[in-house]
Amino acid sequence: MEFKLVGSKEIECVDGQWSPPPSCIEDKMPCESPSSIPNVALYQADQTQFSHGDQVTCGCKPGSGNSKQMKIKCLNGEWKPLPLCADPSPQCELPVGVEFVSSGGHSMSKRRTGFYKVIRYRCTSADKNIKQATCVSGNWTPEIECPAEEGVCPPPPQVSGAQQTTAGRNYRHGSKIAFSCASGFRLIGAKEITCMEGKWQSPPQCVERPCLPPQPVECADAPRLENPNLKIEIEGKSIYLTGAKFKYVSRSGYMLNGPTEITCSMGEWTLAPGCLEMSCGSIPKVANAQFEGRTKETYEPGETIRYECDAGFLIVGSPEILCREGNWTAPPFCEDVSCGPVPEIPNGHVAGTQQERYLPSARVHYQCESNFQMIGGNFVTCLNGEWSQAPVCKDVTCEPPPEIAGGRINIKKTKYLPGETANYDCWQGFKMTGTSTVVCQNGTWTELPKCKGKGGKCGPPPAIENGDLLSFPMREYQQGTTLEYKCPSFYVLKGSQYITCTDGQWSSPPVCLVACTASEEDMDRNNIELKWSRETKLYSTSGDYIEFRCKAGYVKEQEPSHFKVQCVEGVLDYPRCRPGRSCTVSTDHMESNNIQLQSRQSRTSTYPSGDFIFFECKWWHKPVSRAEKFRAQCLDGVITYPTCQQSWFG
């Protein structure tokens with residue numbers, strides 16, 4: 001009776017207790033049908049399975065050379081005794097190195113040839129027992145076994161991937177066998193092995209050649225080694241054994257063409273993947289611009305798109321964008337270079353109908369009022385969003401002609417038109433040099449005459465406006481006499497304060513320049529305030545400059561240069577500002593420029609002139625305009641919107 005072990009064959013002492021022991025149960029494994037045994041026929045009813053202990057009658061199939069019947073029994077899944085029946089058409093090769101024996105036990109002198117069902121043999125070594133083998137399914141059963149002769153080696157071991165460069169049949173003590181590896185393999189160990197006392201020395205091995213580090217793939221990051229244990233460092237250099245694998249991952253904008261893994265085999269890496277550059281999606285929108293070409297869903301790498309700004313806008317940046325690595329290069333933006341209303345000029349007006357906006361290079365002409373003459377060109381030009389310097393209409397009327405020493409004006413008026421004249425007479429005892437008549441030309445008088453006294457004497461000194469002589473005037477002065485003038489407070493004396501009588505003529509007298517007062521009333525009337533001072537009143541001497549600016553919510557009516565005013569003999573030519581128009585934020589502009597109001601900004605849509613409006617880029621967009629442009633000011637109904645573009649890299 002057969003038994004089998006159920007459970008662990010070992011028990012363990014744990015905390016003073018033995019673990020559960022195994023148990024032995026009777027093994028009653030069934031057997032397959034005896035007809036599955038080669039060349040065996042069953043002499044009773046067959047079935048697919050027989051139980052433990054069943055006994056059947058069987059025999060060899062016809063042609064096997066054995067016609068005896070036998071009884072066999074199923075024990076533990078095996079038939080005992082196992083019947084041995086030869087192949088009817090044997091194909092077993094006769095063994096070598098044995099001596100064949102007849103049924104009578106005599107050696108057979110001649111070498112057998114052909115195929116046999118059953119052979120009887122004796123080993124040629126020390127073992128002289130007669131053995132029998134049957135040809136079953138193309139193999140000798142039991143296997144032919146003969147112990148080697150003392151000092152004689154069996155056939156040399158087979159080395160995978162190697163070739164023997166020497167061959168033989170009898171390998172005695174001292175025989176040598178050499179090996180070489182096939183292409184792509186490297187020999188590890190001794191090239192030759194020797195037969196030593198019936199045993200071969202340890203044979204070498206043929207291992208595949210290692211690989212050098214793989215070449216990089218242009219569009220991929222450095223590859224990742226999947227099995228680091230196959231990397232070896234030799235003399236500071238890395239090599240990779242057979243089976244090592246690298247995995248490539250493409251960079252953004254590219255796809256890998258082919259397998260993403262390479263493997264080291266026979267000293268070479270398998271084929272690495274190629275690179276496919278990704279195409280681009282829709283064209284980026286540029287506010288106030290159009291692009292050439294037709295709209296498509298995708299664009300191939302290397303395709304270009306050219307933008308053109310609308311009238312009144314100037315392209316900033318390259319007008320072309322290029323599809324590269326799945327993304328467009330940065331698009332340009334269109335800057336508004338049109339001009340607003342033309343500046344007004346004092347004592348002049350625009351010739352023709354005015355417009356709210358003017359395109360670049362537009363010209364607007366001016367005309368001066370009567371008795372005013374234009375200085376500079378008679379037009380302004382729109383350049384890069386600003387007007388060129390406006391002309392000036394100069395007053396060409398003349399003030400009363402000045403007094404001259406030793407003479408007087410016949411008839412004196414308060415103002416003279418261009419071309420009008422005035423006449424001088426000399427006092428008694430004085431002689432005139434030059435013409436007695438002067439003419440008003442371009443706001444100034446022609447050269448004045450002079451009155452010389454007799455004997456080098458001078459008449460009364462000339463009076464100066466807003467100034468005084470420090471001595472009592474006389475009718476005559478001797479040659480060489482010097483007199484002094486003085487100006488009152490806040491007046492500036494221009495020229496020498498002294499005059500001298502020389503050869504009957506006084507030297508040129510000084511001028512007292514009138515002071516200027518910038519008053520709150522005048523500034524309120526013109527909607528302006530002092531630029532660098534919080535004072536409501538300012539005194540300045542003639543020749544000084546005062547800078548003004550518009551009050552909050554007002555815009556300039558004149559060129560910026562007019563807001564720096566010079567005090568000219570008590571007169572300030574005030575600049576003027578007008579109320580600015582309110583601004584309404586355009587959602588269309590914000591959408592096309594990829595911007596939105598900042599979260600801290602009040603959500604009103606209308607802003608008074610002068611107020612600041614704070615913008616920011618939409619999500620996943622980056623600024624194109626400079627940072628200060630996102631703090632836009634409402635100026636006379638106009639908002640200059642900043643611009644953002646899509647951030648393709650997140």
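The average projected area of region 583-646, computed from the convex hull of its Cα atoms over all directions, is 3.9 nm². Which value, in nm² and rounded to one decimal, describes the direction-averaged projected area of the C-alpha convex hull of the chain? Orientation-averaged projected area of the Cα hull: 73.6 nm².
What ranking do 257-269, 498-510 get when scored by the average of other Cβ atoms within 10 Å per residue, highest first?
498-510, 257-269
Using θ = phi - 60° in the Karplus curve 6.51 cos²θ - 1.76 cosθ + 1.60, the 3J(HN,Hα) couplings for region 607-617 round to 10, x, 4, x, 6, 9, 10, 9, 10, 8, 6 Hz; x is entered for Gly and Pro. Protection proxy ranking, highest mean first, for peptides 41-48, 476-483: 476-483, 41-48, where packing is the per-residue count of other beta-carbon atoms within 10 Å, averaged. Remark on Thr481: its backbone amide H falls under 5 Å from those of Cys501, a criterion applied only to residues 5 or more positions apart or on other chains, H modelled at 1.01 Å from N.
Taking a ≥ b ≥ c as the square roots of the eigenvalues of the Cα gyration tensor, an a/c ratio of 1.5 or more together with a/b larger than b/c marks region 339-415 as prolate. For Val364, the residues whose modelled amide H falls within less than 5 Å of its own, excluding neighbours fewer than 5 places apart on the same chain, are Val380.
Per-residue 3J(HN,Hα) values for region 380-385, derived from phi via the Karplus relation 6.51 cos²θ - 1.76 cosθ + 1.60 with θ = phi - 60°, read 10, 10, 7, 10, 6, x Hz in sequence order (x marks Gly and Pro). In region 248-399 the Cα-Cα distances spread across 5 Å bins starting at 0 as 2, 8, 12, 11, 9, 8, 7, 7, 6, 6, 5, 4, 4, 3, 3, 2, 2, 1, 1, 0, 0, 0, 0 percent of all pairs. Restricting the trypsin sites (Lys or Arg not before Pro) of region 397-488 to loop positions (DSSP other than H, G, I, E, B) with no more than 13 neighbouring Cβ atoms within 10 Å leaves Lys412, Lys413, Lys415, Arg475.
Share of Cα-Cα pairs in region 224-277 beyond 18 Å, in percent? Cα-Cα pairs in region 224-277 separated by more than 18 Å: 39 percent.
Take the residue pairs Lys413/Lys564; Lys131/Lys176; Lys296/Lys622; Lys452/Lys494; Lys80/Lys117; Lys247/Lys622 and return only those whose Cα atoms are more than 29 Å apart.
Too far apart for the 29 Å limit: Lys413/Lys564; Lys131/Lys176; Lys247/Lys622.
Read-outs: derived from the displayed coordinates by stated rules, not from any lab. All figures in this text were calculated on a predicted structure; none of them were measured in a lab. No Cβ is skipped: glycine too gets one built from the backbone with ideal geometry, and neighbour counts run over all protein chains shown.
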